[in-house]
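**Q** This is the structure I have questions about; it appears just below.
We did not get these values from a lab; they are worked out from the coordinates using the rules stated. Owing to the predicted nature of the structure, the values given are computational and were not obtained by experimental measurement. Glycine also receives a Cβ, built like all others from the backbone with ideal geometry; neighbour counts cover every protein chain displayed.
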Amino acid sequence: MKITSAKVIVCCPGRNFVTLKICTDAGICGLGDATLNGREKAVATYLEEYCIPALIGKDPRNIEDLWHYFYKGVYWKRGSVTMTAISAIDMALWDIKGKALNTPLYNLLGGKSRQGVLVYAHATGPNLEQMLEDVSKKVEQGYQAVRVQSGIPGVGRVYGVPKSGQPYEPAQKGLPHEESWDTARYLNFVPKMFSRVREVFGEDLHLLHDAHHRCTPNEAARLARELEPFHLFWLEDPVSAELQEGLRLVRQHSTTPLALGEVFNSVYDCTTLFSEQLIDYIRMPLVHGGGVTHLQKVAALASLYHIQTGIHGATDLSPINLAASLHVDFAVNNFGIQEHMPHAEMVHEVFQPNYHFEKGFMYINDAPGIGVELNEEQAAQYPYQMACLPVNRKLDGTLHYW
Ligand code: EZ4
Ligand code: CO
């Protein structure tokens, strides 16, 4: 089999998505997600100018070899843009392999290790009461695990908390807008918030929280310790983990489970965290973390250190990425939980998914490969619109440094 053509499809059905489509002389095409929120065109150009010309004529069945060709062969290893491009190629090749062998991707990864994939929903609100209403909604929808975020009194617009009634979308059209932050108010508020959530919803609901890299290791240690009575499923990104050693301080002070890695793009971002057992869940997404091929290796290494997967699944990652993630979630032994933020209806005019949610779990059908269809005519109806993630300033105007 040979690759005969490949192209990048950029569309904006409510938000931007970048998709790589690779086609072969066998008449089989594969799709890969290449969306890097706020930097979509950088990945599209990387693929169009450098990767696609090098793919033509290659045998798409040699996925491992092609992965290393684009990772090692370019000399400039790692980085989000490069790794997102490699991820898209990798996903498209696995999609082709599944279609060529007429079998779903999970079957090529060792088969199913479980009946369904436990997922968590997002509950948010500008204040405590509205947040509690949103938790109720998610529980009514059948979720057994809920991530809880709320506006903080005296802090204004906070990352990850949409304006009342609007869906959660961190990127805003145009150049970055600005949000505010105050760590002292945040640290005082979050334990009270979880105390209230436990009071209303009891002990059985799994609760998660995302600190979005806003704390120093010492602040994070205090937060993790003060959250212990509320038995979180996890505390996510308590610190920015560029300094992996920073997690030692957090770990030494608390038994609250820790989840990190949604911004990681290589196993080398994880090695200290894994080998010293400093975290409990690894959040690396397929789309920015080298695709199925690299995630399998990350999950395998994590499993040696009692670390489970908790793959990133926000709406800025396309349905192709979510489906590919679900295949991995089904297959790996050390699966923990999968993030699930349902895409807007408009997104499904372009991407027809092969998965569904039921009573707290997600399921995937047996369509071959990754199994998501892309409607190119519909995609063309929604041209790219520049959008960026916000910057974050402390109340005195200082750009928050983490
Ligand atoms: O901020 O995907 O846990 N989920 C998250 C996400 C990320 C966005 C960034 O593009 O933190 O909402
Ligand atoms: Co996060």
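**Q** Using θ = phi - 60° and the Karplus relation 6.51 cos²θ - 1.76 cosθ + 1.60, list the HN-Hα couplings for segment 106-114 in order, rounded to whole Hz, with x at every Gly or Pro.
**A** Listing the rounded values in order: 4, 5, 7, 9, x, x, 7, 9, 7 Hz.
**Q** Could you sort 191-202, 296-307 so that the peptide with the highest average Cβ count within 10 Å comes first and the rest follow in order?
**A** On the way: 191-202: 15.0, 296-307: 17.4.
The most tightly packed comes first, giving 296-307, 191-202.
**Q** State whether segment 300-402 is rounded, prolate or oblate according to the following rule on the C-alpha gyration tensor (a ≥ b ≥ c being the square roots of its eigenvalues): a/c under 1.5 gives rounded; otherwise a/b larger than b/c gives prolate, and the remaining case gives oblate.
**A** Values: a/c = 2.47, a/b = 1.11, b/c = 2.23.
It is oblate, given that a/c is not under 1.5 and a/b is not larger than b/c.
**Q** Same structure, new question: Give me the net charge of Glu178's neighbourhood, meaning all other residues with Cβ under 12 Å from the Cβ of Glu178; Lys, Arg count +1, Asp, Glu -1.
**A** Numbers: positive: Arg157, Arg393, Lys394; negative: Glu179.
Taking every other residue near Glu178 into account, the sum is +2.
**Q** Which value, in debye to the nearest 20, describes the size of the charge dipole of segment 202-298 about its Cα centre when Lys and Arg Cβ atoms bear +1, Asp and Glu Cβ atoms bear -1, and nothing else is charged?
**A** Working: 7 positive and 14 negative charges, 47 e Å.
My answer is approximately 220 debye.
**Q** If you place +1 on the Cβ of every Lys and Arg, -1 on the Cβ of every Asp and Glu, and leave all else neutral, what size is the dipole of segment 102-222 about its Cα centre, to the nearest 20 Debye? Present the calculation step by step, with values, prior to reporting the outcome.
**A** Working: 14 positive and 13 negative charges, 45 e Å.
The dipole magnitude comes to about 220 debye.
**Q** Whole Å is fine, so just give me how far the alpha carbon centre of segment 64-103 lies from that of segment 362-402.
**A** 20 Å
**Q** In the structure shown, do any of Lys2/Lys72; Lys21/Lys41; Lys21/Lys297; Lys21/Lys99; Lys41/Lys97 have a Cα-Cα gap over 18 Å, and if so which?
**A** Details: Lys2/Lys72 22 Å; Lys21/Lys41 16 Å; Lys21/Lys297 24 Å; Lys21/Lys99 14 Å; Lys41/Lys97 27 Å.
Long pairs (Cα-Cα over 18 Å): Lys2/Lys72; Lys21/Lys297; Lys41/Lys97.
**Q** Just want the answer: with Cβ charges of +1 for Lys and Arg and -1 for Asp and Glu, which residue in Tyr363, Leu389, Gln352 is farthest toward the dipole's positive end in segment 349-402?
**A** The Cα lying farthest towards the positive end belongs to Leu389.
**Q** By DSSP, what percent of the beta bridges with both residues in the chain are antiparallel, rounded to the nearest 5? Write out the running numbers ahead of the final one.
**A** Details: 24 of 52 bridges.
In the chain, DSSP labels about 45 percent of beta bridges as antiparallel.
**Q** Give me the percent relative contact order of the chain, please, defined on Cα pairs under 8 angstrom at least 6 residues apart. If you can, show how the numbers build up before the last one.
**A** Details: 878 pairs, mean separation 91.8, N = 402.
The normalised contact order for the chain reaches 23 percent.
**Q** Going by average Cβ neighbours within 10 Å, how do the peptides 82-95, 177-190, 278-291 rank, with the highest at the top? It would help to have the intermediate numbers written out before the result.
**A** Numbers: 82-95: 29.1, 177-190: 16.6, 278-291: 27.3.
The most tightly packed comes first, giving 82-95, 278-291, 177-190.
**Q** Quick check for me: using +1 on Lys/Arg Cβ and -1 on Asp/Glu Cβ, what's the dipole size of segment 143-285 about its Cα centre, in debye to the nearest 20?
**A** Its charge dipole is roughly 380 debye.
**Q** How do Ser136, Ser266, Ser150 line up, fewest other C-beta atoms within 10 Å first?
**A** Details: Ser136 14, Ser266 19, Ser150 26.
Placing the least packed residue first, the sequence is Ser136, Ser266, Ser150.
**Q** Using modelled backbone amide H atoms (1.01 Å from N, in-plane), which distant-in-sequence or interchain residues come within less than 5 Å of Gly371's amide H?
**A** none
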